[in-house]
């Protein structure tokens, strides 16, 4: 295997292209671009995630031994101090992190874990356990572990990231706002909404210090806070924040974007809570259509949209249709998430109750359906 091109050349250009594709809501294209960058920067033709991760780690070590570092440069598209991130000086580490995040967006959670674990070990080796590079990877691991239902591990990763950023950078660093946003989202997933609200609100306040009021990151923070406020019964404030966020997302990204779908989902949940079921169903159908186009029909994240649509059509008197949607949701989650992950539990329980309502008693798999509620849908924290 050869050393590949020096960091900072073709690999860096491909990283920038992948970022543009991610921002445009094209995660599959972004992953292919990152894969090309990884192969170019290592000279490797490996196809498995484990082998490619090993190749990136070894390439980083070879380049460090030979002194071939890339030039430090600011991360594109982020607000803050403008200072270069440590990871930008090691393209192989940056590729590991970005591939891990991209695989999560594609719903390949186990492969994402492989990449991010290797990224964490390499960041600790290159820059030290208290470095900002380690903090960034810990934040990414926290996000992944929230999605898979490993909430305690997620919180530990976020808390480590928070300690690192607070020790190394000021309040203007964008990662500090990101972590507070994500801790709020973790509490939303756990159902500890009152604990999550001050974290999400502080994240929004931090972001507003460094970004213009109509920046997409501010909008994402508003949407995350709104999901918690909705869960706490503060519908009016939640709806106002969501409408503000949706207007920004549609202006910046167009109508067919992941952030647009997330905001529409949470607005639909408010319609559902108000008993406006026809409007809720129409919105949930739109959310599902957008996510299927962006993520593909086999992505595990579709389970949230399927569950919410199922609860709505069931409440409108169509339990057989709801059961089909819920069965699909359970199948999509498969073994990518923990058995006790809340979305999976909700889908399994709702499916059991729905099948009994449709006259198919005993086919739901276990007794979990006894604890189901057909009165609630699931919000999202972007």
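Which residues does the label zone of residue 232 cover in segment 168-204, counting backbone N under 14 Å from a point 7 Å along Cα→Cβ?
Residues passing the 14 Å test: 184-185, 187-188, 191-204.
Between residue 277 and residue 195, 0.36 nm times their residue separation minus their Cα-Cα distance comes to what?
26.5 nm
What percent does the relative contact order of the chain come to when contacts are Cα pairs within less than 8 Å and at least six residues apart?
With pairs under 8 Å counted, the relative contact order is 11 percent.
Order the peptides 126-137, 247-258 from the highest to the lowest mean number of other Cβ atoms within 10 Å of their residues.
Answer by packing, highest mean first, reads 126-137, 247-258.
If you take the alpha carbon radius of gyration of the chain and divide it by 2.2 N^0.38 Å, what ratio comes out, to two decimals?
In units of the 2.2 N^0.38 Å rule of thumb, it is 1.01.
Within segment 315-348, which residues have the backbone N less than 18 Å from the label spot 7 Å out from residue 285 along Cα→beta-carbon, could you tell me?
Counting backbone N atoms under 18 Å from the label point, the list is 315-326.
Can you tell me the length gained on complete extension of the stretch residue 110 to residue 29, counting 0.36 nm per residue apart and subtracting the Cα distance?
So the extension gain works out to 27.2 nm.
Taking the Cα-to-Cβ direction at residue 208 and at residue 321 and moving 7 Å from each Cα, how far apart do the two end points lie in nm?
Between residue 208 and residue 321, the label points sit 4.1 nm apart.
Label residue 121 and residue 293 with points 7 Å out from Cα along Cα→Cβ: what is the distance between them in nm?
Result: 4.2 nm between the two label points.
Tilt of helix 174-190 relative to the longest C-alpha principal axis of the chain, in degrees (0 to 90, nearest 10)?
30
How do 90, 331 line up, fewest other C-beta atoms within 10 Å first?
331, 90
If you fit an axis through the alpha-carbon atoms of helix 302-315 and take the longest principal axis of the Cα set of the chain, what angle between them do you get, 0 to 90°, nearest 10?
In the chain, helix 302-315 runs at an angle near 10 degrees to the longest axis.
None of the figures in this text is laboratory data; all of them are computed from the coordinates on show. Model, not experiment: these values are computed from the prediction. Here Cβ is always computed from backbone atoms with ideal geometry, including for glycine, and neighbour counts include all displayed protein chains.
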